[in-house]
Every structure is written in C-alpha cells, then in structure tokens.
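The values are calculated or read from the model by the stated rules, or taken from the named source; none is laboratory data. Keep in mind that what you see is a predicted model, and the values were worked out from it rather than measured. Positions of Cβ are backbone-derived with ideal geometry, glycine not excepted, and every protein chain shown enters the neighbour counts. Surface accessibility is based on the protein's heavy atoms, side chains included, excluding ligands, DNA and RNA. Shrake-Rupley method; radii C 1.70, N 1.55, O 1.52, S 1.80 Å.
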Amino acid sequence: MEPDLDLNRDLILAHERRFAGHVAGEVVDKPVLALWMILIPVFFVFYFYQLKRYKSGLKDFSENFLITRKRTLDAVWEAATSETSADLERVVELSDIPSEAQAQYRVWVELLADHYLLLIKASGSNYGELVKAAFKKKSYYLKRLENLNQVEADLNTAIAPLLPGDEESINQVVEAMGKSVREIRRSEAAQIFS
C-alpha cells in the first residue's frame with residue numbers, strides 16, 4: 001500500500017499538537033481553588049484571573065513547543081512530496097536559537113526530521129499504525145524516543161543558561177519538561193504496542 005503523505009503529515013501534526021498539550025499541562029502550574037476563596041469575592045475573582053492566565057500559558061507553551069516541530073515536519077513533507085532532500089538549514093535559520101546552542105539545535109532538527117521521514121513514508125490510518133509500520137518493534141521505537149529525549153535534553157542544557165530570568169526557575173521548567181516528555185513518550189509507546 002502506497003503511503004498517503006498528506007494524511008500522514010496531518011496525523012503526525014495532530015499527534016504533535018496533543019503531545020504539546022500534554023507537556024504543557026504537566027509543566028504549566030494550574031492555580032488551585034481553595035474553599036475559602038469562594039467565600040471572599042475578591043479572592044474568587046483573583047482565582048479566575050489566575051485561571052485565565054493559566055489557560056493562556058498552556059496555549060502559548062503549546063504553540064512555542066510546536067514551532068520547530070511543525071517547521072521540520074513541513075520541510076520533510078515538502079521533500080517527500082517532491083522527492084528531494086529536506087531543507088533543514090532553513091529550519092535552523094528561522095529559529096531564534098542563540099549561536100552558542102545552534103549546533104545542538106541542528107542535531108535535534110536532523111534527528112526529528114529522520115523520525116518524521118520514517119513516519120511520513122509509513123502506511124497507516126492513524127498515528128499508532130504509522131509508528132508500528134515505521135518501527136516494527138516496540139524496542140526500536142523506544143530506542144528512537146530515547147535518542148530524541150537525550151538530544152532534547154542536551155539542547156535544553158545548552159539553551160538554559162542563555163535564557164533571561166531566574167536560573168533556578170528556568171532549570172525547574174527544563175527539568176519538568178524533560179521528565180514529562182519522557183513519561184508521555186514511554187506511555188504512548190506502551191499504548192501503541194500493547
């Protein structure tokens with residue numbers, strides 16, 4: 001069966017959007033409503049203000065989490081449909097990654113592109129079927145995910161000291177993001193290959 005490159009691109013992008021939403025839900029702190037807040041209107045209003053900021057934070061996090069992934073997927077899809085090489089240098093050029101971390105960023109983009117290319121050339125009617133067709137065995141898929149996790153961790157380690165803000169807070173976010181990414185990917189792999 002010939003792969004449907006357009007469908008595969010849509011399936012991969014939909015998966016990446018869900019993935020970004022799950023990671024955002026783990027990383028962005030949700031405000032907690034205490035019973036006493038309901039009794040004091042000013043605190044109740046403040047809670048809803050914080051909840052609105054939380055929802056906006058989830059959306060912003062997800063959108064930013066997807067930027068490079070979508071650019072890389074688009075480059076791979078264009079290459080697959082035109083039977084050329086993906087213009088990954090363009091993806092790197094479009095980023096606002098500091099020059100000190102661009103080497104790690106390039107490695108991540110290349111690995112991500114390889115991953116997407118395997119999926120985009122696979123045959124299936126949903127994301128799980130694409131993964132099974134591309135990787136055949138759970139162990140092969142887990143190995144790829146471990147490589148992605150490591151390369152992403154290396155990139156985050158390179159970028160973290162270059163970000164403005166409180167170093168401790170940045171490190172906490174990077175650590176929480178890495179942990180949630182690993183857990184979500186492992187859980188998805190178990191579900192796909194169950």
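At-a-glance table
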read-out: Rg ratio (alpha-carbon, reference 2.2 N^0.38 Å) - the stretch 115-180; value: 1.47
read-out: Peptides ranked, highest mean first, by Cβ atoms within 10 Å: ranges 184-190, 164-170; value: 184-190, 164-170
read-out: Largest-first ordering by accessible area, 1.4 Å probe, given options 81, 157; value: 157, 81
read-out: Stretch gain in nm, segment residue 30-residue 54, where the contour uses 0.36 nm per residue and the Cα spacing is subtracted; value: 8.0 nm
read-out: Calculated from backbone phi, Karplus (6.51, -1.76, 1.60) coupling profile of the stretch 164-173 in Hz, x at Gly/Pro; value: x, x, 6, 4, 5, 5, 4, 5, 5, 5
read-out: Accessible solvent surface per residue of the chain, calculated while the other protein chains remain in place, 1.4 angstrom probe, Å²; value: 60 Å²
read-out: Two-site label geometry, residue 172 and residue 7: point separation in nm, points 7 Å out along Cα→Cβ; value: 4.6 nm
read-out: Share of carbon and sulfur in the accessible heavy-atom surface of the chain [1.4 Å probe, %]; value: 55 percent
read-out: Cross-link pairs beyond the 18 Å C-alpha cut-off, checked among 30/70; 70/132; 30/55; value: 30/70; 70/132
read-out: Accessible surface ranking that places the most exposed of 130, 142 first, with a 1.4 angstrom probe; value: 142, 130
